[in-house]
Ligand SMILES: Nc1nc2c(ncn2[C@@H]2O[C@H](COP(=O)(O)OP(=O)(O)OP(=O)(O)O)[C@@H](O)[C@H]2O)c(=O)[nH]1
Ligand SMILES: [Mg+2]
């Protein structure tokens, strides 16, 4: 199916994050993991979302409306970038936390994980936080063109176990298009669902606390 993507909003500040209630799925993950590239791959438009080999390219929350589909994909700034200042990390935390909590249309968060990198503290903190908030997680392994099938399968199993067997990550590559159709199906299904309450750990991570945003 051919779909069109339209950048309908870019938010740099909390005040720009006005809730709409429209169905949304957000792309979250460490800086440089491939969030913007994944959106471009889905859209089959190279320069739609800005990408860079330098971590920290995306600094704003970017909303891409998909048609047909009737929902919005949201490109988030990355976390876990060591060279960011405390003030920048705090700003990231506030922006993301506000986006995730004051957003009745948010159906799920796609958690993007570089297939070559072992699970990081920052990823696990986000997982704990999303679970506490009752937000569905769609795990996606990025850059799967960089590893062989055996390595990809091992990382898939590792994350499936970490997530309590709830979901097996999709192996994805924005270079080869591997996993693109599977990802579209998962996104469509999530966007069409009503939010659910998931397990609630006792100690949620404070995303706005800069100490917790480094990996
Ligand atoms: N080989 C390979 N490289 C990729 C893939 N996806 C992204 N990259 C590269 O990884 C780098 C970062 O990609 P981005 O899409 O900008 O990453 P991001 O997660 O949006 O980064 P921030 O905006 O900084 O958080 C770029 O050099 C991309 O070309 C992939 O599937 N395979
Ligand atoms: Mg980006």
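Data for the structure
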| read-out | value |
| --- | --- |
| Among the residues listed as 93, 80, 56, the single one being at pLDDT below 90 and away from ligand 2 (no atom under 15 Å from the Cβ) | 93 |
| For residue 166: the one exception among (1) part of a loop (DSSP other than H, G, I, E, B); (2) at negative phi; (3) modelled with pLDDT of 95 or more | (3) |
| Residues located in segment 50-74, provided they are within 7 Å of ligand 1 (Cβ to nearest atom) and within 14 Å of the chain's Cα centre (by Cα) | 58 |
| Residue selected from segment 178-188 under the condition over 14 Å from residue 73 (Cβ atoms) and in contact with a helix residue (DSSP H, G or I) (Cβ under 9 Å, 6 or more places away or on another chain), by the criterion surrounded by the most Cβ atoms within 10 Å (Cβ to Cβ) | 179 |
| Which listed residue, of 158, 125, is in contact with a helix residue (DSSP H, G or I) (Cβ under 8 Å, 6 or more places away or on another chain) and in a helix (DSSP H, G or I) | 125 |
| Answer from 175, 140, 127 - the residue that is surrounded by 15 or more Cβ atoms within 10 Å (Cβ to Cβ) and closer than 17 Å to residue 38 by Cβ | 140 |
| Of all residues in segment 29-56 being outside any helix (DSSP H, G or I) and in contact with a helix residue (DSSP H, G or I) (Cβ under 7 Å, 6 or more places away or on another chain), the one that is surrounded by the fewest Cβ atoms within 10 Å (Cβ to Cβ) | 46 |
| Test: residue in segment 97-113 that is in a helix (DSSP H, G or I), surrounded by 14 or more Cβ atoms within 10 Å (Cβ to Cβ) and in contact with a strand residue (DSSP E or B) (Cβ under 8 Å, 6 or more places away or on another chain) | yes |
| Pairs, first free of Cβ contacts under 8 Å to residues at least 12 places away in the same chain in segment 37-65, second assigned to a helix (DSSP H, G or I) and within 11 Å of ligand 2 (Cβ to nearest atom), C-beta under 8 Å, six or more apart | 46/40; 47/40 |
| In segment 7-18, the residues that are surrounded by 13 or more Cβ atoms within 10 Å (Cβ to Cβ) and farther than 28 Å from residue 141 by Cβ | 9, 12, 14, 17 |
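Residue-by-condition table, conditions (1) within 16 Å of ligand 2 (Cβ to nearest atom); (2) in contact with a strand residue (DSSP E or B) (Cβ under 6 Å, 6 or more places away or on another chain); (3) without any contact (Cβ under 8 Å) to a residue 60 or more places away in the chain:
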| position | (1), (2), (3) |
| --- | --- |
| 122 | yes, yes, no |
| 132 | no, no, no |
| 151 | no, no, yes |
| 163 | no, no, yes |
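The values are calculated or read from the model by the stated rules, or taken from the named source; none is laboratory data. For clarity, every value in this text was computed on a predicted model and none was experimentally measured. A quick note on method: Cβ atoms are made from the backbone with ideal geometry, for glycine too, and the neighbour counts reach across all protein chains shown.
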